[in-house]
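Student: Here's a structure for you.
The values are calculated or read from the model by the stated rules, or taken from the named source; none is laboratory data. Since the structure is predicted, the reported quantities are computational estimates derived from the model, not experimental observations. Please note: Cβ atoms are built from the backbone with ideal geometry, for glycine as well, and neighbour counts cover all protein chains shown.
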């Protein structure tokens, strides 16, 4: 385990969000490609839309994580705060 707890948490969060996106993307692919699964879903379009909403939620979280916590600018600012603080 790394000594940088912040970095570890950010990496784990990134992997979690990416895994959730892939999980729900695969769910949509299965629904689109597998006619057998259609009988279990009376509202196939509603089910796909729910999967899209979940993907969008995790994609937003991933974007926020990368923009505000993992960018080079944030890293430089954090280092300056430690040096000045």
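Student: Of the numbered conditions (1) modelled with pLDDT under 95; (2) in a helix (DSSP H, G or I), residue 42 fails exactly one; give the number of that condition.
Tutor: Here residue 42 clears every test but (2).
Student: Continuing with the same structure: Looking at 57, 81, 33, can you tell me which residue is at pLDDT below 95 and under 21 Å from residue 9 (Cβ atoms)?
Tutor: Numbers: 57 fails: at pLDDT below 95; 33 fails: under 21 Å from residue 9 (Cβ atoms).
Going through 57, 81, 33 in turn, just one is at pLDDT below 95 and under 21 Å from residue 9 (Cβ atoms): 81.
Student: Next question. Being closer than 29 Å to residue 72 by Cβ and either assigned to a helix (DSSP H, G or I) or at pLDDT below 95 (or both) is the requirement here; does residue 16 meet it?
Tutor: Numbers: closer than 29 Å to residue 72 by Cβ: yes; either assigned to a helix (DSSP H, G or I) or at pLDDT below 95 (or both): yes.
Taking the combined requirement at face value, the residue satisfies it.
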